[in-house]
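Input: a single structure, listed below in structure tokens.
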Amino acid sequence: MDEALLRFARATTEHLNGVLEANADQLRRAAEAVLESGRRGGLVYAAGSGHSLAGVLETFYRAGGLPFVRPLWDLELLPLDGADRSTVAERRPGLGERLVREAGVGDDDTVVVFSNSGVNYVPVGIALSAREAGARVVAVTSVTASDAAPLRAGRRLHELADVVLDTRVPPGDASWPPESPRTAPLSSLCNTLLWDALLVLCAETAPETAFWRSANATGPTNDELIEHYRARVPELR
């Protein structure tokens, strides 16, 4: 293998291992909150904006994922529908609050907010409104990157959450080359790792937990789960 790729593999693996070790206790707290929402008939709402929406996609209707997850999002926040517009939208006051209000988030629910910087109005507004509605808030963010970013919304996501899963991503997200990073962003890898680790703990703690199966696998289908959750998760239509 190319020497640069070997160095990159080692550095990335070391970072991901460090993320799991540093978040072990917080991951258990997050898994407990998610399982409690499921037991109480609530939902897990997954939110993000810009490229943090990749984390939301990993939580929703995903093979091996939880069926009681609903995405909190708006088309304007999706870079594929307008890159510059999505940046403007995530900095707009009121949009995050509207998403929480229209979804009907309540005290049986858990809201997971993916945001690398955690300083824009949408993730901060979602966290604030979810807390006011009585929901538990789990932040998946980089505390270091957040503390170094401009304070746009008056608060930082990691200051508002009940549980903080710290991706430990450096400011700017890029990780390569180590001496002057300008490419190979880490946040999406870390978001997926932390969410998958949470799912592992859910499966270990509550073996009876239902998970989505791949639509392209043989055997049982997801029809029963879809029918059960469709009324509360309209995105399953």
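The values are calculated or read from the model by the stated rules, or taken from the named source; none is laboratory data. It should be emphasised that the depicted structure is a prediction, and the values quoted were computed from it without experimental measurement. Here the Cβ positions follow ideal geometry from the backbone for every residue, glycine too, while neighbour counts run over all protein chains shown. Accessible surface is based on the protein model in full, side chains and every heavy atom, while ligands, DNA and RNA are left aside. Shrake-Rupley method; radii C 1.70, N 1.55, O 1.52, S 1.80 Å.
Less than 5 angstrom separates the built amide H of residue 64 from those of 212, 213, 214, all sequence-distant by 5 or more or on a different chain.
Each residue of the stretch 62-78 is assigned a 3J(HN,Hα), and the resulting list reads 10, 3, x, x, 7, x, 9, 10, 10, x, 10, 7, 9, 4, 5, 7, 8 Hz, derived from the Karplus form 6.51 cos²θ - 1.76 cosθ + 1.60 (θ = phi - 60°), x at Gly and Pro.
Estimated from helical segments only, the mean residue ellipticity of the chain at 222 nm is -13500 deg cm²/dmol, where each DSSP H run of four or more residues counts as -39500 (n - 2.57).
Hull volume per residue, based on the alpha-carbon atoms of the stretch 85-237 and their convex hull, is 165 Å³.
Taking the protein heavy atoms of the stretch 3-150 in the context of the full set of protein chains, the accessible area attributed to carbon and sulfur is 52 percent at 1.4 Å.
Ranked by the mean number of other Cβ atoms within 10 Å of their residues, highest first, the peptides 82-90, 213-221, 121-129 come out as 121-129, 82-90, 213-221. Close amide H contacts of residue 45 (hydrogens built in the peptide plane, cut-off under 5 Å, sequence separation of 5 or more or a different chain): 70, 110, 111, 112. Karplus-derived 3J(HN,Hα) values for the stretch 23-29, using 6.51 cos²θ - 1.76 cosθ + 1.60 with θ = phi - 60°, are 9, 3, 5, 5, 5, 5, 5 Hz; glycine and proline are entered as x. Length gained on full extension, residue 57 to residue 83, computed as 0.36 nm times the residue gap minus the Cα-Cα distance: 7.6 nm. Length gained on full extension, residue 14 to residue 76: 18.8 nm, using 0.36 nm per residue less the C-alpha separation. Out of the total accessible area of the stretch 163-237 (probe 1.4 Å, heavy atoms of protein only), what percent is carbon and sulfur? That share works out to 53 percent. Remark: the chain carries 49 Å² of accessible area per residue (probe radius 1.4 Å; ligands, DNA and RNA excluded). List the residues of the stretch 135-157 whose backbone N lies under 18 Å from a point placed 7 Å from the Cα of residue 39 along the Cα-to-Cβ direction. The answer is 135-137, whose backbone nitrogens lie closer than 18 Å to the label point.
Between the amide H of residue 74 and any residue lying 5 or more places away or on another chain, no distance stays under 5 Å, with hydrogens modeled in the peptide plane. Converting phi to 3J(HN,Hα) with the Karplus coefficients 6.51, -1.76 and 1.60 and the offset θ = phi - 60°, the stretch 115-120 yields 7, 4, 8, x, 10, 7 Hz in sequence order, with x at every glycine or proline. Can you give me the Cα centroid spacing of the stretch 13-45 and the stretch 129-148 in angstrom? Their Cα centres are 13 Å away from one another.
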